[in-house]
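Worksheet: one structure, shown below.
The values are calculated or read from the model by the stated rules, or taken from the named source; none is laboratory data. Because the structure is predicted, anything quoted here is derived from the model rather than measured. Because the Cβ atoms are built from the backbone with ideal geometry, glycine has one as well, and the counts that use them run over all protein chains shown.
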Amino acid sequence: MFSIIQAAGWPIWPLLACSIVALALIIERFIQLRPTKILPPGLFDEALAVSRDKLPSREVIDHMADTSPLGKVLASGFQTLQEHPKCSESALQGAMEAAGRRVEAALQKNLNALATIASVAPLLGLLGTVIGMIDIFGSQGAESGSNPVLLAQGISMALYNTAFGLMVAIPSLMFWRYFRGQVDAAVLALEADAERLLRHLNHLRK
């Protein structure tokens, strides 16, 4: 492995840094975007149960907000109605939508960085390729003549950087698209539960 890094030259170091960062982001998103972490099973039913006849206490609402992204959205509805009992349905809906947007932004955390790595890695590989080609032509000067060793080194630098750039970019792009799908699915589920809770809260006020 170290011999490959030596053959690729200094342009491979930024690619190695990108690969480490991409791996850390992928692991972090795998942990944070687990469906059970975003939408804990039974949480919505518990929210309905504790508010069957009246709004839950402040402690219960705060605890719900700390449990998960779904809990934050549900708690926003309870908090709004608790602080403003006579608020309109549109105001209540707006408060829950605002909480949903904040949750969505949190779910998308680090995805832009992963997408950037997927876009930049091939360019860094291309940079290494260009530098390798420059070394090839530079080694074939009129004074030095044709030098097979320098020619081979330049070709190795070019090919290694191209290959490594693609090796970093392809998994990064694949995981970025996978995580985007996870976020979209979670947001749809959050919206569905928020609408159900909104209907329940409106019925509770009557």
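Yes or no: the stretch 41-51 includes at least one residue that is in a loop (DSSP other than H, G, I, E, B) and within 21 Å of N202 (Cβ to Cβ). So that I can check it myself, show each step before the final result.
So the first thing to find is which residues in the stretch 41-51 are in a loop (DSSP other than H, G, I, E, B), and the list is 41-42, 51.
From the residues that got through so far, the ones that are within 21 Å of N202 (Cβ to Cβ) too are 51.
Checked against the condition, which is being in a loop (DSSP other than H, G, I, E, B) and within 21 Å of N202 (Cβ to Cβ), the stretch 41-51 yields at least one hit.
Looking at the stretch 176-204, I want the residues that are in contact (Cβ under 8 Å) with a residue 60 or more places away in the chain and charged (D, E, K, R) and have a partner that is part of a helix (DSSP H, G or I) and buried (at least 19 other Cβ atoms within 10 Å of the Cβ) with Cβ atoms under 6 Å, at least 6 apart or on another chain. Which pairs are those?
D193/F44
Kindly indicate whether any position in the stretch 77-92 is more than 24 Å from the chain's Cα centre (by Cα) and acidic (D, E). Before the answer, list the steps.
Start the filter on the stretch 77-92 by keeping residues that are more than 24 Å from the chain's Cα centre (by Cα), which leaves 77-92.
Now narrow it down to the ones that are acidic (D, E): 83, 89.
Yes, the conditions are met somewhere in the stretch 77-92.
Going by the conditions given, is S172 modelled with pLDDT under 90, part of a helix (DSSP H, G or I) and touching a helix residue (DSSP H, G or I) at 6+ places or on another chain (Cβ under 6 Å)?
Numbers: modelled with pLDDT under 90: no; part of a helix (DSSP H, G or I): yes; touching a helix residue (DSSP H, G or I) at 6+ places or on another chain (Cβ under 6 Å): yes.
Judged against the criteria, S172 is not a match.
Condition first: surrounded by fewer than 21 Cβ atoms within 10 Å (Cβ to Cβ) and either at pLDDT 90 or above or hydroxyl-bearing (S, T, Y) (or both). Now tell me which residues in the stretch 62-90 satisfy that.
Of everything in the stretch 62-90, those that are surrounded by fewer than 21 Cβ atoms within 10 Å (Cβ to Cβ) and either at pLDDT 90 or above or hydroxyl-bearing (S, T, Y) (or both) turn out to be D62, H63, A65, D66, T67, S68, K72, Q79, T80, S88, S90.
List, please: which pairs have Cβ atoms under 6 Å, are six or more places apart or on different chains, and start with a residue in the stretch 53-73 that is assigned to a helix (DSSP H, G or I) and end with one that is buried (at least 23 other Cβ atoms within 10 Å of the Cβ) and aromatic (F, W, Y)?
These pairs meet every condition: I61/F78.
So, in the stretch 44-60, how many residues would count as being β-branched (V, I, T) and at pLDDT 90 or above? Reasoning before the result, please.
From the stretch 44-60, those β-branched (V, I, T) are 50, 60; that's our starting set.
Still in the list and also at pLDDT 90 or above: 60.
Total satisfying the criteria: 1.
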